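Take a look at the structure below.
The values are calculated or read from the model by the stated rules, or taken from the named source; none is laboratory data. As the structure is a prediction and not an experimental result, all values here were calculated from the model. Because the Cβ atoms are built from the backbone with ideal geometry, glycine has one as well, and the counts that use them run over all protein chains shown.
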Amino acid sequence: MTAVRLPLESGRGLRSAREVLAAAWEWARTRLFNSPANAVVSLLLIVLLAWASFLFLRWMAFEADWGVVRTNRRLLLVGRFPQDQEWRIWPVVYALTALLGWTWGSWGRVTRWAAATMALIGVLVLPTLAGWGGALAFLPAVTLAALVHLVALRLATRPAWRTRVRVASGVGWFLALPLTLALLHVRGGVDPTLWGGLYLNLVVASGAVMGALPLGIALALARTSSFRALRWASTVYVEVMRGLPLPVMLTLSWLALRTFLPSWGGLDEVALVYRVTIAFALFTAAFIAEAVRGGLNSIPRGQREAAAALGLQWWQMTAYVTMPQAIRNSLPALAGEFIGLFMTTTLVAVVGLTDMLQAARGTTEQPDFFGRQKEVLLFVGMLFWVTAFALSRLSARLERALAGKGTRRA
Amino acid sequence: MTALPVGRSPLASALARVLAWTRDVRVRRVVLEAVTLGLVAALVIYIGMRAREASSLNFDFMQERAGFGIGDQFLTQADGSSTRWHAYFAGVMNTLRITIFGILLSLGLGLGIGVARLSTNWLAAKLAFLYVEAIRNTPLLVFVVFCYTAVVLRLPRIQESASLFGVAHFSNRAIALPWPRPQDGAGAFALALLGGLVVAWGVWRVLARREVLTGRPSYPWRGALAVFVAAALVAFVATGMPLRMEAPEVTRFSYAAGLRLSPEFVGLLLALSLFNAAFVAEIVRGAIEAVPRGEREAAAALGLSGWQQLHLIVLPQALRTMLPPLATQCQNLAKMSSVGIVIAFPDLMTVGGTVINNSGEAIPVFVLMMATYFALNLVIAFLLVGPQWRFNWSTGRRA
Amino acid sequence: MRLGLARSARPVGWLLAALSIVLVACSSSPDVTDGAGATATPESQIASAPRAPEGADTLAEVRRRGFLRVGVNDQLPGFGYIRSDGSFGGFDVDFGHALAAAIFGDRDAVQFVALSASSRFEALDAREIDVLIRNTTWSLSRDTSLGLSFAVPTFYDGQGLMVRARDDIHGLDDLQGAVVCSLSGTTTQLNQEDTFGGTTVRYQPLNFDRAETLQEAFVAGRCDAWTADRSQLASRRAAYPARAGGPESLVILPDTLSKEPLAPAMRSGEEQWSDLVNWVVLGMIAAEELGVSSHNVREMAAAPTSAEVARLLGAATEGLPFDAGLGLTPDFMQDVIEQVGNYGEVYDRNITPLGIPREGSPNALWTQGGLMYAPPYR
């Protein structure tokens, strides 16, 4: 990758200006001007890039007003969640950041790049956007995450502990949602219609994942099963779901899920947030089923035959032989589905819930911040971006770590 | 198992036979199949009955007067006095329009970005990577709202309409472009074009056959194109030049004549195609990387240029791998176009929602919308994966 | 290969079959029209949601829950909007508070659910909310085919058009070819088509799902005219940002496109609940007429100036207090007036700042030439 290193990086100290220049030119020549066509393209791109950055920087410096984000940060993060009930949210924030640190630590070290990006966001971007108070509120959580990260990293270096540390991270993630929901409901609870902002996006997304994963795996098994009825039913389900636009599905769930649910035990009286989460889960399950089916199909036939030869029952074969490999093979696809799910939770707006994006759109109604849609949308986009990007990096790391394990096909 | 010892009581032997029967794998299969089928059928029937209970699924209300106008229409002319069917159809045509142009744009853009990611130009590769990462981790809805309110609505007002050499005009009322308007004889010209297409196809077939049979290069594509262009030119002159370019004019509130694209359409198209291009780029990149490196090296050893390597060796093979995911991506685009509702684009979701609101008939309209999206998906799958079948035919079965 | 093709096409065939079954089922579903009802007025039209169970008791449900759920607007300054601390405020919102005060004696025993124009009736039908007070127009078809029942109008409105002053538009005739923007799923959309349908004016409709998107588009110059209820236009105009020219840059045209009586809506078939909502609103109007306000309600209750005031406030002057039979405590209006105010107070608090004058409008009391008239409390 780096055939020519800049003298600055080589650790031999600064050379003369001419040498630096020569090295820089060498770097540019091999990467940007290695053919006439490339030279033209590079020049064009440089001009475009310069122009775009100029416009952006000018806007940032002279036009943008981040007061809209600072004033409304509470609305954006938790919506109209009652202020005196915030103790229900902070433990989750701590748990999640700590879990993130732990997971990252147990699957590898935070790269210099990632650390630098996070520090930049923490020190520069967050205070600008959310005010020092807003940023400082998260400082303990971030410190905890960093500490937990180091502990996990240290533990994971011991081979005997590595697996345990990793299993713990997985268990932690599965316990996160029940913890969140429990905190939202104990001691009187907070009415679901008051959940909002980014918190709503997270709750809906994680709830949907928890529902969709088992359902998706079941559908994938049904679709690869030798029972015709199961196969067909699963195929029809998956294809129907994949053929429907999510907004239609959501509105349908809002209007009709109540109609189709039996009234036993007040099942048809569940809160809208839960119904929407069910809709998301039903929808995502179809995509997860396809991902897992892809993983199942990639397992060589010989393994099944070997399992059968060993006298394993179907469920034993599935649980010990095929499914672990299928999940591992489909991990990139699964991660993609989850990240996509998190982002599509913005569509809850269709049924009138106020998630982060809707809260953001609402702020431009406040007379002080009229026409500040660009700032607030940029902030919302960036928050989504950071979360999704971190998740995608994490999944890539997970994938690499798992790739070393187990049997791989030649 | 079937050989029963002699001398048992008839009852015991019957019991043994039944027991043996339950252990028979084939019987178990049939029973289990029947049970699963029954369960599935019961579920379907339950849902169907609940749906019937809630709605009569009668579509008569769609024949009533719509009562609302649709500003931006594509080949339809529904207004307040049209039926709801007509209004719905106008919505469908708008969805079709955004889907078709969105697919074309995002395929072109995505192909470019996907190739750029593998480019030897460092800057191009990095920028393409940045683009893909930036888009893929942002929700589409944020993007759509941004493209509309922060990009398209920032175009000049109609009073300060900007123009490009006096032929094309831009404002946040519309983007108006010159467009050929059919004159007398356009029908004949269209027929002639169709004929030209058929002839060109024939030429392509003959030349392609010759190439396969004789091994001599016969340039079927170039031949067909030449025949088609020649036929089109001759027909155009012979029918009395039935198309006249028409430049748009600025009027008080909008533009007259020419092709006028509404800001909602442009904003949604921009957002959808820029968004989808990132996904298409990833598919393209994956497919190109899946072509064994050796193929390219062999082509290079044969003296093929970079472009020749790409379009003769790499892309045809990559195309085969990328078509199924591309088809899915295009279906996604069609479905995603339903977010147009947030920026007032009157697609079928928007119109359907208005009809529900005016009539109160939620379930029938939903059934209609679902059926429409399904049909759209099937058509896309057929158009894009259809060629896949042909590819397999021509290249034979893959190992 | 042929086999492979057939195999991969199978799900498609399956889907087609399923689809056609669904379609056939739809088209062949016997549409039950008995001879008597020739012109179909379809019964209970938000077909998807279950009808209210026989004798559904919303009041009991609300009491059990411990608070009221009211569907409101969150985007209409003056009528229903979210303050930056996350609470709701506005004219419609105050009536929600009044109902809570009437039922629980506590104006805050209410939860507001922000609803879009296109989702409000479904929310009501799906029992997400108990009552809808969201600048909703009372109309015949909503009363009948949407299965709603309306209380007395809280605000008499009419649809108008707002244009930019410098655009030189003075009436409907000047709108030939203009872009007229409105919110989708509202009667506005239907009225504008009715109004323009009778003329030769050809305009371009543009319908938005959210008011702030519409405002962005209007400010950017995407629309020439903005049509909505006059009250909404006035509130929009009053809050029109100085950066975009301020209120003076806009003109509301004199033309009125429709009558828009805005009223609270309930599910039909719940008599007692409808009566309750209705008489709380009427009580606030009566209170203004009788001179009862939040400042003097306690004194008036202690020493009613007339028998009517005594009945309104449920004051026990001679013998038992007057029980309205609404299933509430007799003195429920005392809580309402004390905690929320009478109709005039609510109007002054919310609507007057928007610059919508009350004198001479239908929203004045009947004694002052308006339409606000409460039947006798007896």
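State all residues of the range B:48-72 that are at pLDDT below 85, surrounded by fewer than 20 Cβ atoms within 10 Å (Cβ to Cβ) and under 21 Å from C:L183 (Cα atoms); if no residue qualifies, say none. Listed by number, the list holds a single entry, B:G71. Among residues belonging to the range B:230-257 that are of a type in the set (A, V, I, L, M, F, W, C) and touching a strand residue (DSSP E or B) at 6+ places or on another chain (Cβ under 9 Å), point out the one that is nearest to the other protein chains (Cβ to nearest Cβ). Of everything passing the filter in the range B:230-257, B:F253 is nearest to the other protein chains (Cβ to nearest Cβ). Annotation note: Cβ proximity below 6 Å between a residue of the range A:305-326 that is closer than 19 Å to A:A222 by Cα and a residue that is aliphatic (A, V, I, L, M) (sequence gap 6+ or interchain) occurs for A:M317/A:A307; A:V321/A:A307; A:T322/A:I299; A:Q325/A:I299; A:A326/A:V292; A:A326/A:L296. Quick check on A:A176: is it assigned by TED's automatic domain parsing to the domain that holds A:D84, within 19 Å of the chain's Cα centre (by Cα), in a helix (DSSP H, G or I) and touching a residue at least 40 places away in the same chain (Cβ under 8 Å)? Judged against the criteria, A:A176 is a match. How about the range C:211-250: which of its residues are surrounded by fewer than 22 Cβ atoms within 10 Å (Cβ to Cβ), within 10 Å of another protein chain (Cβ to nearest Cβ) and in a loop (DSSP other than H, G, I, E, B)? Once the filter is applied, which keeps residues that are surrounded by fewer than 22 Cβ atoms within 10 Å (Cβ to Cβ), within 10 Å of another protein chain (Cβ to nearest Cβ) and in a loop (DSSP other than H, G, I, E, B), the range C:211-250 yields C:G221, C:A239, C:Y240, C:P241.
Of the numbered criteria (1) surrounded by 15 or more Cβ atoms within 10 Å (Cβ to Cβ); (2) free of Cβ contacts under 8 Å to residues at least 60 places away in the same chain, the one B:T251 fails is (1). For the residues C:R378, C:R298, C:R349, the requirement of being of a type in the set (K, R), in contact (Cβ under 8 Å) with a residue 40 or more places away in the chain and within 17 Å of C:V281 (Cβ to Cβ) singles out C:R349. In the condition set (1) within 14 Å of chain A (Cβ to nearest Cβ); (2) buried (at least 20 other Cβ atoms within 10 Å of the Cβ), C:A102 is compliant with all but (1). Taking the range A:93-119 as the range and being modelled with pLDDT under 75 and closer than 23 Å to A:W161 by Cβ as the test, the residues that pass are A:W107, A:G108, A:R109, A:V110, A:T111. Pairs linking a residue in the range A:203-230 that is more than 30 Å from A:V190 (Cα to Cα) to a residue that is at pLDDT below 85 and surrounded by 21 or more Cβ atoms within 10 Å (Cβ to Cβ), with Cβ atoms under 7 Å and 6 or more positions apart or on different chains, are A:A222/A:L230. Can you find, within the range B:324-339, the residue that is farthest from C:Q215 (Cα to Cα) among those that are within 10 Å of chain A (Cβ to nearest Cβ) and small (G, A, S)? Across the range B:324-339, the extreme among qualifying residues is B:A334. Counting only helices (runs of 4 or more DSSP H) wholly contained in the range A:65-115, the ones carrying 2 or more residues that are charged (D, E, K, R) occupy A:73-78. The sole residue among C:S119, C:S141, C:S145 that is crowded, with 22+ Cβ neighbours inside 10 Å and modelled with pLDDT under 85 is C:S119. So which residues in the range B:73-84 are surrounded by fewer than 22 Cβ atoms within 10 Å (Cβ to Cβ), at pLDDT 85 or above and either within 8 Å of another protein chain (Cβ to nearest Cβ) or not in a loop (DSSP other than H, G, I, E, B) (or both)? Passing the criteria: only B:T83. Of B:E264, B:E289, all but one fail to be more than 30 Å from C:F218 (Cα to Cα), in a helix (DSSP H, G or I) and among the acidic types (D, E); the exception is B:E289. For the range B:46-72, a residue qualifies if it is more than 31 Å from the chain's Cα centre (by Cα), more than 7 Å from chain C (Cβ to nearest Cβ) and part of a loop (DSSP other than H, G, I, E, B), and exactly one does: B:E64.
The rows are residues; the columns are (1) surrounded by fewer than 24 Cβ atoms within 10 Å (Cβ to Cβ); (2) of a type in the set (A, V, I, L, M, F, W, C); (3) more than 9 Å from chain A (Cβ to nearest Cβ).
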position	(1), (2), (3)
C:T58	yes, no, yes
C:V62	yes, yes, yes
C:R65	yes, no, yes
C:R69	yes, no, no
C:V72	no, yes, yes
C:F79	no, yes, yes
C:S84	yes, no, no
C:V93	no, yes, yes
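Applying a threshold of 9 Å to beta carbon distances and a minimum spacing of six or more residues, or different chains, the list of pairs starting in the range A:236-253 at a residue that is over 15 Å from B:A381 (Cα atoms) and ending at one that is part of a loop (DSSP other than H, G, I, E, B) reads A:T251/C:S119; A:L252/A:L244; A:L252/C:S48. Screening the candidates B:A124, B:A134, B:A116 for the property of being within 14 Å of chain A (Cβ to nearest Cβ), surrounded by fewer than 20 Cβ atoms within 10 Å (Cβ to Cβ), aliphatic (A, V, I, L, M) and over 19 Å from the mean Cα position of the chain (by Cα) yields one hit, B:A134. Looking at the range B:186-236 only, could you name the residues that are crowded, with 16+ Cβ neighbours inside 10 Å, among the small types (G, A, S) and free of Cβ contacts under 8 Å to residues at least 24 places away in the same chain? Matches in the range B:186-236: B:A208, B:S218, B:G223. Summed over the range B:347-361, the residues that are more than 7 Å from chain C (Cβ to nearest Cβ) and part of a loop (DSSP other than H, G, I, E, B) give a count of 1.
Out of curiosity, is A:Q303 assigned to a helix (DSSP H, G or I) and modelled with pLDDT of 85 or more? Criteria met by A:Q303. Those helices (runs of 4 or more DSSP H) of the range C:51-132 in which at least 1 residues are of a type in the set (V, I, T), considering only elements entirely within it, cover C:58-65, C:91-104.
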